[in-house]
């Protein structure tokens with residue numbers, strides 16, 4: 001039997017600083033802390049376990065390439081979200097047939113997790129009626145639990161835009177009889 005793994009008690013900012021100094025154990029610790037989060041986001045974006053693992057690998061390669069110039073101005077997830085999203089979009093675009101152009105708005109970046117397919121997958125169908133930007137903000141706020149300012153930082157948009165997207169998404173859900181049954185409201 002080998003030694004049990006030691007727990008690294010450094011906070012995320014300390015890990016980023018250590019990574020910038022070439023500390024490989026800090027990178028391993030950061031990977032261990034956030035790999036599941038990145039994989040879950042990648043799965044949501046791609047809808048494929050294999051693609052999610054490819055995205056996971058690319059995201060952490062991106063981080064490794066950024067050293068020694070990594071900067072952490074907030075939460076690590078705020079830093080990782082746009083990178084994960086961008087890598088997933090690039091992977092999806094690369095796998096499209098030649099000549100098949102696709103815009104970011106055309107991509108469905110909110111695939112339901114596999115455990116939600118079925119009865120809860122019906123809610124995914126309801127959410128799919130929302131414009132992608134509204135759906136993304138709604139999922140980030142109410143599924144992932146991010147604050148409006150965190151969403152704004154992750155998406156690199158003003159906080160007012162996040163609020164507007166959420167307002168319009170919630171209004172659309174209130175007006176949709178299919179959505180109302182998920183929130184205990186009987187259709188008219």
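The values are calculated or read from the model by the stated rules, or taken from the named source; none is laboratory data. Bear in mind the structure is a predicted one, so any value in this text is a computation, not a measurement. No Cβ is skipped: glycine too gets one built from the backbone with ideal geometry, and neighbour counts run over all protein chains shown.
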Residue 59 closer than 18 Å to residue 88 by Cβ, touching a helix residue (DSSP H, G or I) at 6+ places or on another chain (Cβ under 6 Å), surrounded by 15 or more Cβ atoms within 10 Å (Cβ to Cβ) and free of Cβ contacts under 8 Å to residues at least 40 places away in the same chain: yes
Pairs with Cβ under 8 Å, 6+ apart, first in region 67-94 and surrounded by fewer than 17 Cβ atoms within 10 Å (Cβ to Cβ), second modelled with pLDDT under 85 and not in a helix (DSSP H, G or I): 93/102
Count - residues of region 130-154 that are surrounded by fewer than 19 Cβ atoms within 10 Å (Cβ to Cβ) and more than 17 Å from residue 179 (Cα to Cα): 5
When residues of region 155-172 are limited to those that are surrounded by fewer than 14 Cβ atoms within 10 Å (Cβ to Cβ) and over 17 Å from the mean Cα position of the chain (by Cα), the one nearest to residue 136 (Cα to Cα): 167
Selected residue (only one of 161, 84 is outside any loop (DSSP other than H, G, I, E, B), assigned by TED's automatic domain parsing to the domain that holds residue 43 and modelled with pLDDT of 90 or more): 84
